[in-house]
Amino acid sequence: MEFKVTPWDVEGVVDYERLIEQFGTSPLTEELIEKTAKLTGGELPIFFRRRFFFSHRDYDKVLADYESGRGFFLYTGRGPSGPMHIGHIIPFYATKWLQEKFNVNLYIQITDDEKFLFKEKLTLEETKRWAYENILDIIAVGFDPDKTFIFQNSEFTKIYEMALPIAKKINFSMAKAVFGFNEQSKIGMIFYPAIQAAPTFFEKKRCLIPAAIDQDPYWRLQRDFAESLGYYKAAALHSKFFPPLTGLEGKMSASKPETAVYLTDDPEEAGKKIWKFALTGGRATAKEQREKGGEPEKCVVFKWFEIFFEPDDEKLMERYRACKSGELLCGQCKRELIERVQKFLKEHQERRKKAEKLVDNFKYTGELAREQWDKAIPEALKD
Ligand code: TRP
């Protein structure tokens, strides 16, 4: 079956092995995962154990830089076009884990400019409001305020200056080849990739970007010219997509409310949504299911447990077995997932409330990067 992955769209059932080939990235091997465990003291988080992160670029070099004492920094982001859902927040948890274990700076870009330019109907005012709302969800993940810098492009206008040397390195045919721009593309869209690439140069160290794999085209472009500006090629850890409630195709979409559980959903309502819309691998009748067993491979409920909501490996295996053998029916299983999701939402929402007072502690004014940049910019602007 065909599938399609671009920074704007994910369609069909994604074959992640084939995507690695298509995008020219590298599989996240057992060896790299073990090395991560060794360097961080053993226990790996669920995202690595379950291979939610499955692909990378130069992650081996990042670990080598860490070992040699050269260090690295983290960069990720969010396009504020609407409320954030559970799928959006998972890479941020993985990023928090990396920050904690490696004790490194993290820059988070909020691209209200991007969403204004790319979404026909979104006004600048709306995307700025979503930026604020999304920042609360991100802070609620619990990042270290001394090492985490959140900036919103429309406010942090220095990003423009930082994007300039980059914009001078990319010609239209390169951008067209990577993003499929055409004569109808808005000129703001064509400039935008320089803005998303700029944070990879915030420090003169290797930059590691944990993000869903649909963002990789930006890093591919950056890797074409980074070294000519005296910087490192961006390194990336790529995640899969969190499946929508309604099936294992595509990704959860902010524009289709029945497919997603939003971080701001009332826990009761979220429970009802899961109960009503979650696709399972169940049989037509309970009798048939007791006889033949369920099909966890086809089940969104099982996937949600696997990716995020059942961190205990043995318990996950037990759930798999009980489903396959027909002992565990879908109603029971769904109820258990709903409990987990509701607990997560309640805790998240409490932390989100507290985040309202913390926003200023995370807002980035550019000092750190500025210092690095001032050292580099005269060189870069020479050609
Ligand atoms: N383009 C991303 C989005 O639409 C936002 C973004 C900007 C981003 N910089 C990033 C995402 C770095 C991941 C990593 O959501």
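No value in this document is a laboratory result; all are computed from the given coordinates. Small disclaimer: the values here were computed from a predicted structure and weren't measured.
Extension gain, Met317 to Tyr16: 0.36 nm times the residue separation minus the Cα-Cα distance gives 106.1 nm. Beta bridges per DSSP, both residues in the chain: antiparallel share near 35 percent. Per-residue Karplus couplings for the stretch 151-157, computed as 6.51 cos²θ - 1.76 cosθ + 1.60 with θ equal to phi - 60°, are listed in order as 9, 10, 3, 5, 9, 8, 6 Hz, Gly and Pro entered as x. Across the cross-link table entries Lys168/Lys256; Lys38/Lys233; Lys128/Lys251; Lys303/Lys346; Lys273/Lys353; Lys276/Lys324, which are compared at the Cα atoms, the separations over 27 Å belong to Lys168/Lys256. Treating each Cα of the stretch 1-66 as one equal point scatterer and applying the Debye formula with no solvent, the log10 of I(q)/I(0) at q = 0.16 Å⁻¹ comes out as -0.64. Computed from Cα atoms alone, the Kirkwood hydrodynamic radius reported for the stretch 207-257 is 12.8 Å.
How long are the three semi-axes of the equivalent ellipsoid of the stretch 133-242, in whole Å, if each is the root of 5 times an eigenvalue of the C-alpha gyration tensor, listed from largest down? Write out the running numbers ahead of the final one.
Details: eigenvalues 115, 57, 50 Å².
Over the Cα atoms of the stretch 133-242, the semi-axes work out to 24, 17, 16 Å.
Highest GNM mean-square fluctuation, the chain, Cα pairs closer than 10 Å: which of Glu34, Glu288, Glu258? Result for the chain, Cα springs under 10 Å: Glu288 fluctuates most.
Dividing the convex hull volume of the alpha-carbon atoms in the chain by its residue count gives 143 Å³ per residue. The length gained by stretching the chain between Asn103 and Asn361 to full extension, at 0.36 nm per residue less their Cα-Cα distance, is 91.1 nm.
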